[in-house]
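Novice: After the structure tokens below, expect a handful of questions from me.
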2 protein chains.
Amino acid sequence: MMSASDFNSSNKKTFLQKEREATSFDINKINAFLDPNHERTQLIFKQIINDPILVSKRSYYDLTKEQLREQSIKKIQRLASYIEIAKDAGEFEDRLSLLSISDPAVGTRLGINLALFVNAVRGNGTDEQVNYWLVERGTLQIRDIYGCFAMTELGHGSNVAGLETTATYNPKTQTFTVNTPKLSATKWWIGGAAHSSNHAAVFARLISNGKDYGVKTFVVQLRDKNFDLLPGITIGDIGSKMGRDAIDNGWIQFHHVEIPKDYLLQKFTQIDADGTVHNTPLEQISYSALLQGRVGMVLDSHRHGARFVTIGLRYAIGRQQFGKFGNETQIIDYTLHQYRLVPYLALIYLLGPASFKLLNDYRAILNDLYSAKNIKKTIFDLKNLFVSSASLKASNTWLVSQLIDEARQACGGHGYHAYSGLGKAFSDWSVQQTWEGDNNVLSINAGRSIIKYYEAAQKGKPQGEDFQYLTKAPLESLDISESSPLDAYIEAWSSVIIKVAQYTLKIHGGDWESVSQERLLLSKFHSHHYLLSEYINHLYSANLAKKESSVLILLFKLYSAFNIDKFSGVFLQFNLISPSQLSEIQSLVKSLLRQLRPHLTGLTDAFKYPNEIINSSLGEFNGDFFNNYFGDIVANYGKGDKPPYLNVINETLQRENREERLSGSRSKKVLEKLSE
Amino acid sequence: MMSASDFNSSNKKTFLQKEREATSFDINKINAFLDPNHERTQLIFKQIINDPILVSKRSYYDLTKEQLREQSIKKIQRLASYIEIAKDAGEFEDRLSLLSISDPAVGTRLGINLALFVNAVRGNGTDEQVNYWLVERGTLQIRDIYGCFAMTELGHGSNVAGLETTATYNPKTQTFTVNTPKLSATKWWIGGAAHSSNHAAVFARLISNGKDYGVKTFVVQLRDKNFDLLPGITIGDIGSKMGRDAIDNGWIQFHHVEIPKDYLLQKFTQIDADGTVHNTPLEQISYSALLQGRVGMVLDSHRHGARFVTIGLRYAIGRQQFGKFGNETQIIDYTLHQYRLVPYLALIYLLGPASFKLLNDYRAILNDLYSAKNIKKTIFDLKNLFVSSASLKASNTWLVSQLIDEARQACGGHGYHAYSGLGKAFSDWSVQQTWEGDNNVLSINAGRSIIKYYEAAQKGKPQGEDFQYLTKAPLESLDISESSPLDAYIEAWSSVIIKVAQYTLKIHGGDWESVSQERLLLSKFHSHHYLLSEYINHLYSANLAKKESSVLILLFKLYSAFNIDKFSGVFLQFNLISPSQLSEIQSLVKSLLRQLRPHLTGLTDAFKYPNEIINSSLGEFNGDFFNNYFGDIVANYGKGDKPPYLNVINETLQRENREERLSGSRSKKVLEKLSE
């Protein structure tokens, strides 16, 4: 058998190796800038890639739905032994987040239990309830209970207040009857329901003495120890999806299922034996279960995005096409190719500080919430967090989706191969735009809030940290050039946000629905402003040497200038720039791309992702892509087999001619005979 | 068992049914406007959906790669009996195109043989060669020979001139030795090579007497009648892809494979027995094999796009969310939702006349080419066709990709289900952006040509039909309002194209590479201009009554106005509109969306796609989406199974605690013992 290496007589260094040697900065310093826990991250990566069950291989891309599901449950089994020795909840959360870079579905499948179910109980249960369901029973250790989060129904996703499942109180037996009154009330998309969960946090309308108290949260046991369904519970497999097939999403119908009264989670809503309901007004907090997901998706955008952009850039550096015969041009040296990929690299860099800032804010606010000190300030902070996390989740999951598609296209035909990793990446990623808050709904809600905050700021009301910029006067015209102060690159965005907010207030005419497009823009622009601000804050405090900081600043400038050009219509519409300034900004973008070109290898290496985490034939560290790719294909698919359906091919190509197959019954002779 | 219908006591009409009854125009007239062969189309649809092998069912979305491959070869077997009775080549081509709407991979798998292989032979072979390989052997009837198209190599895709496979002439034996001299010369991505092809059109460098004559086309037999590989030929399966897994792409290496001298296709290149090579200068035509694919992809954009936008819109009309409890708002009534989907409906409508115009031009020019009359004019026309088809292929395969993604997101969570059809649609579609000319490469080439044509037009040189607009003076400022003449909506685009061309000529400074971004814009804008022009031409000649034409005109206006807003930065940059005009255009877009709203059901019905062609639980004609969807899920996935890997779940949830599993070896007692 001929192997790839028979062709590979040359020992020349790859482009990636040559450019790596010429890197002018210390990638470890850049890595430490990006990742506050960089040492732990490297340790966890090492444990993942050396674990035969947890590591992802190329064959991962060939697995069927059934195989993926079995593999993911085995990974969860393996992770259960890590959770027992985790130093704190954050460490294991991070382990799962890092594992998800190469296998996002396993993160979700376990996250449904450890984040969604657990947060629903923690957010809505009394201390005793939290202790029983999560600690005493072992849920937090992936033991005994495996929970799912039964919120969404066939008929209601975004509109949680419209859910139709009922939980009707029976004073005589002191029980609730959980029921699915109509088809559209079927619980739908419930991750874990089809196969792995034995309990659910069920969102249902509390009905007592004929009155509807709105949607509350109940714990309902679905399956017993033998994994047989409890009476009255019907569950089915939702089946195949666009991606993340390793998750066993299911549907659930409740046909008059009785649960004890105290399976109602009672932090905010209590019910007396006679059916009297006590509601406290803080129940909107009950939806905070979804917040962790949103915040996590911003971190995912950074972490997964780093993987995707590395594949695209490594291929672009290694691949040659056109130009001198025998010494063709590296495709990254084409202006258009830089234009397509490098702004996404800038995005991923800027997302680093922003996503850790958001995560820290989330943890601090949730702590305040659970400790219930200074509740007024906590609610104020929580609302701000809702808006920023909605804007950041929506804007950046969209951008990363585009990044994957662009990187896939930038790898040419080879990007379409499963082993580029980018096809599955796209399918798996796409759900991030939809779940735990549809991106469009989140964005227009965030946009509306930004306008409200702007109005409030005009009236002198104090604003939260993320929205301070709304209290300042906008610039009337921008000055963006290479020598502009860095603040100018941020103020461009605060100014355009205020201009769009003012304009929207002018034109809405009481119909907020009609200005959704403008609200959407505000949400996207807030994300840009947030990323730029946090990046600079972090850069100032990081105190890096010039050889590192200068490159990081190029990325910052590129991000702002590229997006001003991208949204040039808005900047021109509000006279923030003139047409000739726009031309200058377009030149600036090209100049920044040229300046960044020599640093691209170093900037992707600085993510410090092992090959196994990147898991792409096109994105290996050594840059020897022909041998990597061909080797992977031959190793996994072999050579020269005949197809299993050879008989069909032969039947087709060697079939009798039509006349014979029709037994001659259309021959001239027969037709003449028939006409006689 | 409880069925969906137990819940469905209501006999209310669905929204789709109600809106259908209120449709103000005749959908048959609109259908005839869109499809010049509308009667034949309906006939073919009927034959497809009633054929148990050709029809696509929901279970299609659950098939593995192996199952898809077997199913697609069976479909090809079935089609072989249709090709025998086809009235002309156009009819079968159309049958395959229509079948591909619901199963694109089967179209490709057969198209590789019937279009790529056949066109390579027809474009490069002498009459005798064409007759032998295609007619005498039966290829055109899917008989005896199943060809593949071995152009692309591991190292070269877009740059065909850089291919590295060699065919070295041996005067002694009057043979060529076909060889793969290095790994990067391995033929790659070759559709059909892995399993189904026994012959290949191989693109290789002709070497004779030590001289390299560049890339020529050869017929090489790969497998014998038993489907055993011929000596020296190594083939492997390329394996899993992002989509279209039904296609058996393979790689081929030639290890000194001898073929007879006259397997060189000799229309443009002949070789004497002594190795003297005769080249005629028309060989660029040899690449015209790829043209049919590009032209076909524009028609695909129209036809497949109609399927995707129908799913998105039917769901949007049927789905309610938010608003009044019990009578929530149809999501299509949200401005943003209209903004997201309706411009794509306009795109699909405008693509109708444009794609048939392009197809007719292609057929006429290819006829001229094969008949070799007036070769100078034919070459001129062919060049124009290269540019328009490149611009249209790239621009519209991109837009349809975005359409699928938007439609998928617009279906919310349910869009992520495999049975929406949109996930697979995206994966299958994506390759259109890459193959047979990478979209970016095609676009910047088209953009460069448009600039050249503009320069030539300035010098008074006559321009082809598609580029006549370059000979006229651009408007200095636009006047786009609801009452503007229709021509104004087209001139907006001819004007902006000329402005961008002038600007690019001003700034390129001899470095055409540095203005790729601007060239890309020109290609996209040419596509807009082409679509708008052809649509109006067709509308004028169709002579429809006002109730049909008025709606078609709304779509036309929306397409132009929406895209002016989308590219407002460019229009403002070149002072074609003022900021206040932009605001008016944005209002016009909203007004057009409102006017189109009542017509959306009729405009999707007018495609006249049967349910089986749309193949989506969310896009059925009856609009009864809860019952359709739930019914599909239960029918295909059943209810309440235990997972096959239940043992792993139980092992995990009921595992001994850590101390026991470690045999107590970390207990305090043991550790004390060990320290003694």
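Novice: How would you order A:434-446, A:172-184, B:536-548 from highest to lowest mean count of nearby Cβ atoms within 10 Å? Don't skip to the end; give the middle numbers.
Specialist: Working: A:434-446: 23.5, A:172-184: 18.5, B:536-548: 14.0.
In descending order of packing, they fall as A:434-446, A:172-184, B:536-548.
Novice: I would also like to ask the following. How far is A:ARG137 from itself in the other copies, in nm, if each label sits 7 Å out from Cα along the Cα-Cβ line, shortest first?
Specialist: A:ARG137 label point versus its equivalents elsewhere: 6.8 nm.
Novice: Something else about it: How would you rank A:375-384, B:353-362, highest first, on the average number of other Cβ atoms within 10 Å across their residues? Show your work: numbers first, answer last.
Specialist: Values: A:375-384: 15.5, B:353-362: 21.0.
Highest-to-lowest ranking by the protection proxy: B:353-362, A:375-384.
Novice: Can you work out ³J(HN,Hα) from phi for every residue in the stretch B:319-332, in order, using Karplus 6.51 cos²θ - 1.76 cosθ + 1.60 and θ = phi - 60°, giving whole Hz and x for Gly and Pro?
Specialist: 8, 10, 7, 6, x, 5, 4, x, 9, 6, 6, 5, 5, 5
Novice: In addition: When a/c is below 1.5 the answer is rounded, else prolate if a/b is larger than b/c, else oblate, so apply that to chain A with a ≥ b ≥ c taken from the square roots of the Cα gyration tensor eigenvalues. Before the final figure, lay out the partial values.
Specialist: Values: a/c = 1.59, a/b = 1.08, b/c = 1.47.
Here chain A falls in the oblate category.
Novice: Which order, highest average first, do A:634-641, A:29-36 follow once you tally other Cβ atoms within 10 Å for each residue and take the mean per peptide?
Specialist: Values: A:634-641: 15.2, A:29-36: 19.6.
Packing proxy ranking, top to bottom: A:29-36, A:634-641.
Novice: Related question: Quick one: grab the alpha carbon gyration tensor of the stretch A:140-280, order the square roots of its eigenvalues as a ≥ b ≥ c, and give me rounded if a/c is under 1.5, else prolate or oblate depending on whether a/b is larger than b/c. Present the calculation step by step, with values, prior to reporting the outcome.
Specialist: Numbers: a/c = 1.90, a/b = 1.51, b/c = 1.26.
It comes out prolate by the Cα gyration axes.
Novice: Sticking with this structure for a sec: Taking the number of other C-beta atoms within 10 Å as the exposure measure, put B:LYS12, A:LYS57, A:LYS65 in order starting with the fewest. Let's see the in-between values first.
Specialist: On the way: B:LYS12 9, A:LYS57 14, A:LYS65 17.
Arranged by neighbour count, lowest to highest, B:LYS12, A:LYS57, A:LYS65 become B:LYS12, A:LYS57, A:LYS65.
Novice: In nm, to one decimal, how far is the modelled label at B:ALA273 from the one at B:ASN327, with both set 7 Å along Cα→Cβ?
Specialist: For B:ALA273 paired with B:ASN327, the spin-label model returns 9.3 nm.
Novice: Now for a different question. Which of B:LEU385, B:LEU558 has the fewest other C-beta atoms within 10 Å, and how do the rest follow up to the most? Mind dumping the intermediate values first?
Specialist: Numbers: B:LEU385 22, B:LEU558 25.
Starting with the residue having the fewest Cβ neighbours, the order is B:LEU385, B:LEU558.
Novice: Would you mind giving the mean number of other chain beta-carbons within 10 Å of the Cβ of each residue in B:566-573, as a whole number? Mind showing how you got there, number by number?
Specialist: Values: counts 1, 2, 6, 14, 4, 2, 10, 11.
Averaged over the peptide's residues, the number is 6.
Novice: List the distances, in nm and shortest first, from the label point of A:ASP272 to the matching label points in every other copy, placing each point 7 Å from Cα along the Cα-to-Cβ direction.
Specialist: Between copies, matching label points for A:ASP272 lie 11.3 nm apart.
Novice: What distance in nm separates the two pseudo spin-label positions at B:ASN367 and B:ALA22, each 7 Å out from Cα along the beta-carbon direction?
Specialist: 4.7 nm
Novice: Along the Cα-to-C-beta direction of A:ASN209, a point sits 7 Å from the Cα; which residues of the stretch A:249-281 have their amide N less than 11 Å from that point?
Specialist: Within reach of a label on A:ASN209: A:272-278.
Novice: Moving on. Quickly work out the A:SER59-to-B:SER583 label distance, labels modelled 7 Å from Cα along the C-beta direction, and quote it in nm with one decimal.
Specialist: 6.5 nm
Novice: Assuming R0 = 30 Å, what is the FRET efficiency of A:LYS590 and B:GLN468, from their Cβ-Cβ distance, to the nearest 0.05?
Specialist: Efficiency, rounded to the nearest 0.05: 0.35.
Novice: Within 10 Å of each Cβ in peptide A:407-417, how many partner chain Cβ atoms are there on average? Round it to a whole number, please.
Specialist: On the way: counts 0, 5, 8, 3, 1, 9, 12, 5, 5, 13, 8.
Whole-number average of other-chain Cβ neighbours for A:407-417 is 6.
Novice: In addition: Report the FRET efficiency, 1/(1 + (r/R0)^6), for B:LYS459 and A:LYS506, where r is their Cβ-Cβ distance and R0 is 56 Å, rounded to 0.05.
Specialist: Values: r = 49 Å, r/R0 = 0.87.
That gives a FRET efficiency of 0.70.
Novice: Apply the membrane-span-like helix rule to chain B: whole DSSP H runs, Cα extent along the own long axis of at least 20 Å, mean Kyte-Doolittle hydropathy at least 0.0. List the helices found.
Specialist: Details: long enough: B:65-83 (26 Å, -0.96); B:89-102 (21 Å, 0.19); B:289-318 (44 Å, 0.36); B:335-371 (54 Å, 0.36); B:375-410 (50 Å, 0.08); B:439-458 (28 Å, -0.18); B:486-507 (33 Å, 0.70); B:516-542 (39 Å, -0.41); B:546-566 (29 Å, 0.29); B:579-596 (26 Å, 0.03).
Within chain B the helices that satisfy the rule are B:89-102, B:289-318, B:335-371, B:375-410, B:486-507, B:546-566, B:579-596.
Novice: Per residue of B:237-250, what is the mean number of Cβ atoms on other protein chains within 10 angstrom of that residue's Cβ?
Specialist: Values: counts 9, 6, 12, 12, 8, 13, 4, 1, 1, 0, 0, 1, 3, 4.
Per residue, the number of nearby Cβ atoms from other chains is 5 on average.
Novice: Need the C-alpha centroid separation for the stretch A:366-445 versus the stretch B:537-587, integer Å.
Specialist: Result: 34 Å between the Cα centres.
Novice: A further question on this structure: Counting other C-beta atoms within 10 Å, which of B:SER477, A:SER495 has the fewest, and how do the rest follow? Don't skip to the end; give the middle numbers.
Specialist: On the way: B:SER477 12, A:SER495 24.
Ascending number of Cβ neighbours within 10 Å: B:SER477, A:SER495.
Novice: Can you give me the long-range amide H partners of A:GLY323? Hydrogens built in the peptide plane at 1.01 Å from N, cutoff under 5 Å, separation of 5 or more residues or another chain.
Specialist: Those lying under 5 Å, H to H, from A:GLY323 are A:THR329.
Novice: Among A:GLN253, A:THR173, A:PHE268, which residue has its Cα furthest toward the positive end of the charge dipole of the stretch A:140-280, with +1 on Lys/Arg Cβ and -1 on Asp/Glu Cβ?
Specialist: Highest projection toward the positive end goes to A:PHE268.
FYI, it's all coordinate maths here, none of it is from the lab. Predicted, not measured: the structure shown is a model, and the values here were computed from it. FYI the Cβ positions are ideal-geometry reconstructions off the backbone, even for glycines, and counts take in every protein chain you see.
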